[in-house]
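The next block holds one structure in the form of structure tokens; read it before the comments.
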Amino acid sequence: MIHSNFVNQKVVGRFFRIAALMGAISFSSGIAIGEMLTVEECIQIALNKNFDIRISQNTTRRAAQDVEIANAEFEPSFGITTSDSFNTQVRSGDRLDGAAQPQSNAQSTRATVSKDFISGGTLSLSTRLNRRFSNSTNSTINPSYNASTTLSIRQPLLSGYGPAVAKARKRLSLLSLEQSKYDFQATVLRIINDTEVAYHSLAFAQEQLEVRRAALELAETLLGENKMKMETGIATSLDVLQAEVGVANATDRLLRAEKSLEDARDNLLTILGEDSLINKEVIVEAPDVANPLAPDLENTFSKVIDNAPRYLTLLNQRIKREVELRRAKRNRLPSLNLNGAYSLTGLESNLKGAYDDVTERESFNWQWSLSLDIPWGLNEKKANYIKAQIQLDTEDARASREKQRLFRDTRIAVRNVTTAIDGISIKELATNLSAEEFEMEKAKFDAGLSTGRRVLEAQQRMDESKVDELQAKIDLLNGYSNLRELDGASLDRYGIQFE
């Protein structure tokens with residue numbers, strides 16, 4: 001369960017304990033039209049509503065049930081069977097039948113308690129009561145009650161012996177549960193990153209729209225001034241036409257910015273999964289990149305190796321292969337099973353007397369046996385063992401490959417952040433320069449020393465510089481988001497904790 005305000009973390013070793021439901025997050029969908037949404041609120045909504053989160057969480061819940069199934073393997077089991085049969089013949093076919101028309105009735109009841117042990121063996125305790133009635137004059141006890149209590153054991157001595165085999169299923173189910181938790185953690189980190197990126201894209205689209213609106217206002221103002229100057233003979237019809245084209249271009253860029261804004265809003269809402277927001281005007285905060293910090297590669301990569309779910313998943317998979325290898329190593333031996341049973345019996349004309357005989361332990365029987373099964377050449381068992389060795393080596397290679405890829409991805413992510421930090425200062429300088437150039441060109445135009453075309457060109461350069469500066473800030477924010485997904489820092493940043 002991921003709680004409201006993201007509290008209550010419990011960590012066991014290197015693994016997260018993740019509860020079955022996340023319904024404790026509460027978010028009021030009654031957002032007023034035009035209300036500001038913070039990135040924290042968006043992430044909280046996504047963790048509640050996103051379908052990938054829900055699907056991944058159900059996978060973890062199924063894995064938890066597989067553990068319960070595996071745990072039940074060593075729980076005692078109780079069974080009971082009962083039967084009743086009646087037999088009659090039209091006439092006797094043998095003098096020993098003891099009746100002209102033989103009839104008999106047989107009833108049997110058996111109860112058994114059995115338990116599997118980590119040695120691979122099974123211990124059973126059972127009791128049986130047979131009742132038999134016959135109309136034969138040869139029967140000395142009629143009805144007769146035959147009671148017995150039996151203790152039996154079956155123990156593999158070679159193949160199938162020991163905890164490496166008996167506990168493998170339980171161990172593998174636990175590892176599968178841990179792997180599903182890592183997968184869930186990876187899904188959470190990905191959704192956080194996707195939400196942040198979509199949030200930043202919407203923020204960019206909002207700011208770009210404001211730039212395009214301001215550009216259209218300037219273009220319309222310039223058009224009006226050109227018209228007035230043409231009436232006084234200072235400007236020509238060409239100047240007016242150029243201004244009209246400027247207004248048309250600014251309008252086109254505004255329409256494209258409006259489309260980008262709607263697309264970015266739809267993308268964010270799709271990730272959030274909150275249907276109640278679809279018909280509302282969602283507004284997000286403008287990006288803030290004040291005092292950006294450049295990450296340290298060595299420290300960042302150390303965090304990535306310790307926290308990256310995709311790497312921890314491979315380490316978990318390697319442990320599973322080790323378990324399978326130990327099981328295959330034991331099972332490559334021939335099958336040699338020890339079977340034994342010891343029974344106390346009693347025979348009387350009533351139920352109590354039959355069980356009294358059992359407790360006196362004067363009537364008993366025992367047996368034991370050894371069974372050996374050696375497949376010709378043990379080829380299948382050997383092949384399974386070699387296959388397990390190959391699978392373990394494959395997991396080693398995958399883990400090493402993933403470590404290399406994580407190092408590459410970390411280096412790229414760190415470079416993206418540092419490059420974006422440097423790029424922001426450059427873009428800010430370019431924006432300041434283009435703004436001054438525009439003001440100068442506009443002043444020349446007002447003094448009759450420049451043309452409307454040059455003013456429009458200067459205005460367009462200024463607008464694009466503002467958009468480029470904004471994009472550089474968004475690139476930095478996205479770079480930080482990607483880096484936090486790699487090293488798992490998003491969980492601490494937003495206080496997300498699992499139980």
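In the range 86-120, of all residues being among the small types (Gly, Ala, Ser) and either modelled with pLDDT under 85 or more than 28 Å from TYR355 (Cβ to Cβ) (or both), the one that is farthest from the chain's Cα centre (by Cα) corresponds to ALA100.
Rundown of residues vs (1) in a loop (DSSP other than H, G, I, E, B); (2) among the aliphatic types (A, V, I, L, M); (3) closer than 30 Å to ASN193 by Cα, yes/no style:
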position: ASN384; (1), (2), (3): no, no, no
position: LYS387; (1), (2), (3): no, no, no
position: ILE421; (1), (2), (3): no, yes, yes
position: LYS427; (1), (2), (3): no, no, yes
position: GLU436; (1), (2), (3): no, no, no
position: ARG454; (1), (2), (3): no, no, no
position: ARG461; (1), (2), (3): no, no, no
position: GLU469; (1), (2), (3): no, no, yes
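When the range 262-321 is filtered for residues that are open to solvent by 50 Å² or more (accessible area, probe 1.4 Å), over 30 Å from ARG401 (Cβ atoms) and part of a helix (DSSP H, G or I), the ones remaining, listed by number, are GLU262, ASP263, ASP266, ASN267, THR270, ASP275. Report, by residue number, each residue of the range 132-157 that is part of a strand (DSSP E or B), touching a residue at least 40 places away in the same chain (Cβ under 8 Å) and surrounded by 15 or more Cβ atoms within 10 Å (Cβ to Cβ). Residues satisfying the conditions are SER144, TYR145, ASN146, ALA147, SER148, THR149, THR150, SER152, ILE153, ARG154, GLN155, PRO156. Does the range 183-190 contain any residue that is in contact with a strand residue (DSSP E or B) (Cβ under 9 Å, 6 or more places away or on another chain), closer than 30 Å to SER335 by Cα and modelled with pLDDT under 90? Scanning the range 183-190 turns up no residue that is in contact with a strand residue (DSSP E or B) (Cβ under 9 Å, 6 or more places away or on another chain), closer than 30 Å to SER335 by Cα and modelled with pLDDT under 90. Considering (1) over 30 Å from GLN471 (Cα atoms); (2) surrounded by 14 or more Cβ atoms within 10 Å (Cβ to Cβ); (3) touching a helix residue (DSSP H, G or I) at 6+ places or on another chain (Cβ under 9 Å), the lone condition that LEU378 does not fulfil carries the number (3). For the range 177-192, filtering for residues that are open to solvent by 20 Å² or more (accessible area, probe 1.4 Å), of a type in the set (A, V, I, L, M) and closer than 23 Å to CYS42 by Cα leaves 1. Taken over the range 196-240, the criterion of being open to solvent by 30 Å² or more (accessible area, probe 1.4 Å) and of a type in the set (Ser, Thr, Tyr) is satisfied by SER201, THR221, THR232, THR236, SER237.
When TYR342 is tested against the conditions (1) open to solvent by 60 Å² or more (accessible area, probe 1.4 Å); (2) in a helix (DSSP H, G or I), the lone failure is (2).
Quick grid of which residues meet (1) open to solvent by less than 60 Å² (accessible area, probe 1.4 Å); (2) among the charged types (D, E, K, R); (3) modelled with pLDDT under 85; (4) not in a loop (DSSP other than H, G, I, E, B):
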residue	(1), (2), (3), (4)
SER26	no, no, yes, no
CYS42	yes, no, no, yes
ILE53	yes, no, yes, yes
ALA72	yes, no, yes, yes
THR81	no, no, no, yes
ASP84	no, yes, no, yes
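The values are calculated or read from the model by the stated rules, or taken from the named source; none is laboratory data. Quick caveat: nothing in here was measured; it's all calculated off a predicted structure. Reconstructed Cβ throughout: ideal geometry from the backbone, glycine too, with neighbour counts over all protein chains shown. Heads up: the accessible areas ignore ligands, DNA and RNA and are worked out on the full protein's heavy atoms, side chains in. Shrake-Rupley method; radii C 1.70, N 1.55, O 1.52, S 1.80 Å.
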